[in-house]
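The structure appears right after this line, and notes come after that.
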Amino acid sequence: MLTTGQVTRSWFLALHLPQHLQWPAVIAMIVLGLVLLTTGLSIGLHHLVRSWRDGIEPDGGP
């Protein structure tokens, strides 16, 4: 929305901030999303590797 110039205030948080804070808010949200994604993937992979190492099936069976 900010790059095209067609600004319609809706659910997008950055559009409700003062103009000098909009791009930092966009960047912060992207960074937060990437941190959450990598954390979730690393936790999932950690548990998957641990279950393979212990000989446990992914569905919880022996």
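Summary of values
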{"read-out": "Ranked packing of 36-43, 10-17, 22-29, most packed first, by mean Cβ within 10 Å", "value": "22-29, 10-17, 36-43"}
{"read-out": "His47 accessible area, assembled protein chains, probe 1.4 Å, Å²", "value": "90"}
{"read-out": "Where labels lie 7 Å past Cα in the beta-carbon direction, separation of Leu34 and His16 in nm", "value": "2.6"}
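The values are calculated or read from the model by the stated rules, or taken from the named source; none is laboratory data. Worth saying up front: this structure is predicted, and the values here are computed from it rather than measured. Backbone-built Cβ (ideal geometry, glycine too); neighbour counts: all protein chains shown. Calculation scope for accessible area: heavy atoms of the full protein, side chains included, ligands and nucleic acids excluded. Shrake-Rupley method; radii C 1.70, N 1.55, O 1.52, S 1.80 Å.
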